[in-house]
Every structure is written in structure tokens, then in C-alpha cells.
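Participant: The structure that follows is given in the form of C-alpha cells.
The values are calculated or read from the model by the stated rules, or taken from the named source; none is laboratory data. Please read all numbers here as calculations on a predicted model, not as lab measurements. FYI the Cβ positions are ideal-geometry reconstructions off the backbone, even for glycines, and counts take in every protein chain you see.
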Amino acid sequence: MFRIETEKELLSAFRSRDRKHVELPRGTRLPLFVRDYLAWVDPYGVRVFLVFTAPGSTRLTGITFRRDQQADKSLPTRVCDWCLSPGGGDQIGLLTTDVDAKRRVGVNLCLDLRCQEKLESAMNLAGRDLVDATQRVLERMSRFASEALGMEVRSET
Ligand SMILES: [Zn+2]
């Protein structure tokens, strides 16, 4: 659980190359209380934003993804790299983000990043522990941010 006090604080979670695209969902009221992570899609359905804290960290990390480069939608099912939920091409697909001016990386993810909701129903059905599953998703998010994007996800000391 974390709290975002101001828009400035929210924006500072993103890299400067991502920051200019960030648009809060209409009607967002601050401060925001976030249970696990915050994800939303821009009004055009092109960009997906993610804000989270790495497990054990208080530092906000934000990533802007694009979903305009969809692979073959006819592929029957695929699996989200973060929550491991299966779904069709309308639910799970390639989200990409800039590493730097020259490189982009992509991951197969739930296109709306509603991993948490999917986990919740899957864990309820299986009677498994949602907290552990959520931690694993946050760890995968953190690993992506630090290893693929070179972002600092741990708390400042
Ligand atoms: Zn997912």
C-alpha cells in the first residue's frame, strides 16, 4: 500500500522520456491510495501507464508502455509475463517501452495491466494465497524496470 500526494510526485516516478506522455485518468483525485500498483490506459487506448513500488521499497517507479505494435492477433492464447494469466490476443499482447533513443523493449502482458484483478479471481478459485502471487508480480515488474530499463527501483538511502 502506498500513497501518492501530488501529481508532481506521481510524475517523478517516471523517466523523463516517459513523463511527457503521462496523463492522469480523468476525475483522478489526489492523494491517491494504491493497494498494490496503479495502472491505467490513456483515453486513446494507445498508452498504458504503470506505477508501483518494488517489494520492500518505498520508491515509486513509473513506466509508460505503448500498445500500438500488436503482433498477430489471431494467435489463439498467450500468457502474461507478469501474472501468468492466459488470454487471447485481445487481452494479452506486446507492450513496448523505450530503453533509450534507439532501443525499445517489449513484453507480453495483459494489455490493460489488470494483472491484479486476474490474479484475484484465479487465486480465489484455487484457494491460493493472493499476497504471495501479488508479490511475485511486483517482483517481475521491478526486475523489468531495473534490468530492461536500467531504472533504480530500490529506496534511496
Ligand atoms: Zn497480467
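Participant: Please count how many residues of segment 81-105 are under 19 Å from Y44 (Cα atoms) and either near the ligand (Cβ under 9 Å from one of its atoms) or in a loop (DSSP other than H, G, I, E, B) (or both).
Facilitator: Total meeting the criteria: 4.
Participant: Hey, any hits in segment 24-43 for a residue that's touching a residue at least 24 places away in the same chain (Cβ under 8 Å), surrounded by fewer than 17 Cβ atoms within 10 Å (Cβ to Cβ), polar (S, T, N, Q) and outside any strand (DSSP E or B)?
Facilitator: no
Participant: Right, here's the next one. Looking at this structure, is D100 out of contact with any Cys (no Cβ under 6 Å at 6 or more places or on another chain), modelled with pLDDT under 95 and under 22 Å from F14 (Cβ atoms)?
Facilitator: It is true that D100 is out of contact with any Cys (no Cβ under 6 Å at 6 or more places or on another chain), modelled with pLDDT under 95 and under 22 Å from F14 (Cβ atoms).
Participant: Testing R128 on (1) under 30 Å from S16 (Cα atoms); (2) more than 8 Å from the ligand (Cβ to nearest atom), one condition comes back false. Which one is that?
Facilitator: Here R128 meets the rest and fails (1).
Participant: Here are some conditions: (1) over 23 Å from G89 (Cα atoms); (2) touching a residue at least 24 places away in the same chain (Cβ under 8 Å); (3) away from the ligand (no atom under 16 Å from the Cβ). A145 meets all but one. Which one does it not meet?
Facilitator: (3)
Participant: Now, a different point. Is one or more of the residues making up segment 140-151 within 25 Å of A13 (Cα to Cα), modelled with pLDDT of 90 or more, surrounded by fewer than 16 Cβ atoms within 10 Å (Cβ to Cβ) and touching a strand residue (DSSP E or B) at 6+ places or on another chain (Cβ under 8 Å)?
Facilitator: There is at least one residue in segment 140-151 that is within 25 Å of A13 (Cα to Cα), modelled with pLDDT of 90 or more, surrounded by fewer than 16 Cβ atoms within 10 Å (Cβ to Cβ) and touching a strand residue (DSSP E or B) at 6+ places or on another chain (Cβ under 8 Å).
Participant: Filter segment 106-157 down to residues that are assigned to a helix (DSSP H, G or I) and not aliphatic (A, V, I, L, M), then give me how many there are.
Facilitator: 18
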